[in-house]
Amino acid sequence: MTDAKLRPATDIIRQAKHLVAFTGAGISAESGIPTFRGENGLWNQYDPRILELSYFRQHAEEIWPLLKDLFYNVISGAEPNPAHYTLAEWEKQGLLKSIITQNIDNLHQRAGNRHVIEYHGNTRDAVCLSCGEKTALTEEILAGNPPVCPVCGGILKPDFVFFGEPIPAEAAAKALEESAVADVYLIIGTSGVIYPASLLPYEAKKAGAKIMEINPEPSEYTGKITDIFLQGKAGEILPVLQQNL
Ligand code: NAD
């Protein structure tokens, strides 16, 4: 990152009154969790249909082993990286007010953040497709194929949002609220193509926030609403910002 960008970026963060981070799969890439798109993205190898609700209902037994391989085993072996820890430090200092994350990996909370809005749910819990009961996905339950509801024996679905499912209402409302009150909006590691999450930065821009972005590649926002584009990996750029604050 050049000095010409570092200085204005750190000034904006230091002076922020309501800094909000909007994160995507890219922030966890350096923790070893593959993204969906981009280099080494999951959709280069797998059919996104495995995350379509109607397809899952019909093929749960076939899809669950894949979900365990692609998400559960990978996430349980992953640790937060310097990008997550920098955001945790900023929350502790009172600088960062909230994180709106599209991720389902729990790494922001494990790094220490408390104000995390999980826009797409999480991998901690599952929901029964028969009785609707929410269950913590213990190792024992996860060992089943497919994992079944301890209450009624119905098939469990991960409590993260599949294609074609609505966003959890409380998270959707809170994310919109935080996007509208942010004066600085930091977009980290998202391609910006997943609707409706992709609209949130536009809400922030409309409400007058300065938009900063960290990504090794340009995204849907770069060159459109992004005011400062910091090109590079989140785990490298965020600690540099922190050191220069
Ligand atoms: P995406 O896969 O569409 O895009 C990832 C983005 O991250 C790309 O723009 C890529 O250039 C960027 N990136 C790659 N390495 C990076 C790094 N080191 N630092 C910063 N940026 C980096 O991801 P998305 O936009 O979040 O949307 C896809 C959906 O993926 C989300 O809904 C999310 O639920 C789901 N997802 C989550 C995880 C996770 O929880 N870790 C992993 C894969 C997918």
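Kindly provide the set of residues from the range 63-88 that are in contact with a Gly (Cβ under 8 Å, 6 or more places away or on another chain) and either surrounded by fewer than 23 Cβ atoms within 10 Å (Cβ to Cβ) or in a strand (DSSP E or B) (or both), ordered by number. Full working, then the answer.
Filtering the range 63-88 down to residues in contact with a Gly (Cβ under 8 Å, 6 or more places away or on another chain) leaves 74, 77-78, 81-83, 85, 88.
Once the filter is applied, which keeps residues that are in contact with a Gly (Cβ under 8 Å, 6 or more places away or on another chain) and either surrounded by fewer than 23 Cβ atoms within 10 Å (Cβ to Cβ) or in a strand (DSSP E or B) (or both), the range 63-88 yields Val74, Gly77, Ala78, Pro82, Tyr85, Ala88.
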* Asked: From the set of residues in the range 1-25 that are of a type outside the set (Val, Ile, Thr) and touching a Ser or Thr at 6+ places or on another chain (Cβ under 6 Å), which is surrounded by the most Cβ atoms within 10 Å (Cβ to Cβ)?
  -> Gly24
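If I filter the range 152-184 down to residues being closer than 25 Å to Gly235 by Cβ and either out of contact with any Ser or Thr (no Cβ under 7 Å at 6 or more places or on another chain) or among the β-branched types (Val, Ile, Thr) (or both), which single residue comes out as nearest to the ligand (Cβ to nearest atom)? Before the answer, list the steps.
To start, the set of residues in the range 152-184 that are closer than 25 Å to Gly235 by Cβ comprises 160, 175, 178-179, 182, 184.
Those still in the list that are either out of contact with any Ser or Thr (no Cβ under 7 Å at 6 or more places or on another chain) or among the β-branched types (Val, Ile, Thr) (or both) too: 175, 179, 182, 184.
Values: Ala175: 13, Ser179: 16, Ala182: 18, Val184: 18 Å.
By that ranking, first place goes to Ala175.
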* Asked: Are there any pairs, at least 6 apart or on different chains, whose C-beta atoms fall under 9 Å, with the first in the range 1-29 and among the basic types (Lys, Arg) and the second in a loop (DSSP other than H, G, I, E, B), and if so, which?
  -> Arg14/Leu95; Arg14/Leu245; Lys17/Asp183
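Considering only the range 89-105, state which residues are of a type outside the set (A, V, I, L, M) and not in a loop (DSSP other than H, G, I, E, B). Lay out the reasoning, then the answer.
Within the range 89-105, the subset of a type outside the set (A, V, I, L, M) is 89-94, 97-98, 101-103, 105.
Scanning the range 89-105 gives Glu89, Trp90, Glu91, Lys92, Lys97, Ser98, Thr101.
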* Structure fact -> Okay, helices (runs of 4 or more DSSP H) sitting entirely in the range 132-245 with 3 or more residues that are more than 26 Å from Lys97 (Cβ to Cβ) and not assigned by TED's automatic domain parsing to the domain that holds Thr101, I get 139-142
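Just one of Glu39, Glu52, Glu62 is acidic (Asp, Glu) and either within 30 Å of Gln243 (Cβ to Cβ) or within 12 Å of the ligand (Cβ to nearest atom) (or both); which is it? Give the steps one after another, and end with the answer.
Values: Glu52 fails: either within 30 Å of Gln243 (Cβ to Cβ) or within 12 Å of the ligand (Cβ to nearest atom) (or both); Glu62 fails: either within 30 Å of Gln243 (Cβ to Cβ) or within 12 Å of the ligand (Cβ to nearest atom) (or both).
Checking each option against the conditions leaves just Glu39.
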* In the list Lys233, Lys206, which residue meets the criterion of being more than 8 Å from the ligand (Cβ to nearest atom), surrounded by fewer than 21 Cβ atoms within 10 Å (Cβ to Cβ) and within 23 Å of His120 (Cβ to Cβ)? -> Lys206
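The values are calculated or read from the model by the stated rules, or taken from the named source; none is laboratory data. Please read all numbers here as calculations on a predicted model, not as lab measurements. Heads up, the Cβs are rebuilt from the backbone with ideal geometry, glycines too, and the neighbour counts pull from every protein chain shown.
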